[in-house]
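Written below as structure tokens is the structure these notes are about.
The values are calculated or read from the model by the stated rules, or taken from the named source; none is laboratory data. Note that the structure is a prediction, hence the values are computed from the model and not measured. Cβ placement follows ideal geometry from the backbone for every residue including glycine, while neighbour counts extend to all protein chains displayed. Quick note on the areas: whole protein, heavy atoms, side chains included, nothing else; ligands and nucleic acids left out. Shrake-Rupley method; radii C 1.70, N 1.55, O 1.52, S 1.80 Å.
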Amino acid sequence: MSLQYHLIPVTPFAQNCSVLWCSVSREAAIVDAGGDISRIRAWTEQQGLTVTKLLLTHGHIDHAGGAGELAAQLGVQIEGPEQSESFWLDQLPNQGRMFGFPSSPALTPERWLNEGDSVSIGQETLQVIHCPGHTPGHVVFYSAAAGVLVAGDVLFQGSIGRTDFPMGNHQQLIDAIQQKLFLLPDDTVVIPGHGPLTTIGEEKRHNPFVADARFR
């Protein structure tokens, strides 16, 4: 397996910023650079990685707040989320004021992502899966070769994303998890936006919000 990952909790919300890299080329992508960008840069530089792009799962401030500045510093593009997420990315300044985050301008990525798209990191490829519900344009990133899913705020260990924000939809979130993510292999490692790692199989069997007796 040449896809590697490392988590850097950022912002007061302890959001799991993920650094994904190809161990062959040493090219890397940073997923959800929500803040603390000096720490993110320092770690990637210490590892000798070449960051070639930033990826976003969705537009909440703790996931996207530092992405614009970091992309500008590194001279790279931002890819994702799905275009309906402009609802939240346009509101980054208001989100920052609401939660006391550093100022963050509205953001438009260079590439919007859709269901079935792919993203390359060196010799590695990630599959894009659109999982609305927590937010309308939320996407997740899946590596079949590595058996890793970067799930953002869709699925957590024993929990699921909130749907009480504007544009949230509880049934859409449940459907995305059960009809898309639960089709992935049970041993797929899930990197959630907050909290510890889990697996698809564990959440199928034990997550009280989406577990199904068929999987027990």
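Pair-distance distribution of region 121-216: all C-alpha pairs, bin width 10 Å, starting at 0; shares per bin in whole percent are 18, 53, 26, 4. Between Ser120 and Lys180, the distance separating the two model label sites (each 7 Å from Cα on the Cα→Cβ line) works out to 2.4 nm.
Using just the helices of the chain, give the 222 nm mean residue ellipticity in deg cm²/dmol: DSSP H runs with n ≥ 4 each add -39,500 (n - 2.57), and the total is spread over all residues, rounded to 500. The helix contribution divided over the chain gives -6000 deg cm²/dmol. Rolling a 1.4 Å probe across the protein heavy atoms gives the chain an accessible surface of 42 Å² per residue.
Most tightly packed first, judged by the mean number of other beta-carbon atoms within 10 Å of their residues, the peptides 131-140, 47-56 read 131-140, 47-56.
Compute the FRET efficiency between Thr50 and Met167 as 1/(1 + (r/R0)^6), taking r as their Cβ-Cβ distance and R0 = 45 Å, and round to the nearest 0.05. Result of the calculation: an efficiency of 0.80.
Just to be sure I understand the curve: with the Debye formula and one point per C-alpha of region 24-78, what is log10 I(q)/I(0) at q = 0.15, 0.22 Å⁻¹? Listed by q, the Debye log ratios stand at -0.36, -0.76. Cα centroid separation, region 60-77 to region 150-216: 26 Å. Averaging 1/r over every pair of different alpha carbons in region 3-206 and inverting the result gives a Kirkwood radius of 16.5 Å. Each other residue within a Cβ distance under 9 Å of His63 adds +1 if Lys or Arg and -1 if Asp or Glu, for a net charge of -3.
For Leu197 and Gln127, what is the calculated FRET efficiency with R₀ set at 22 Å and r taken between the beta-carbons, to the nearest 0.05?
It comes out at approximately 0.70.
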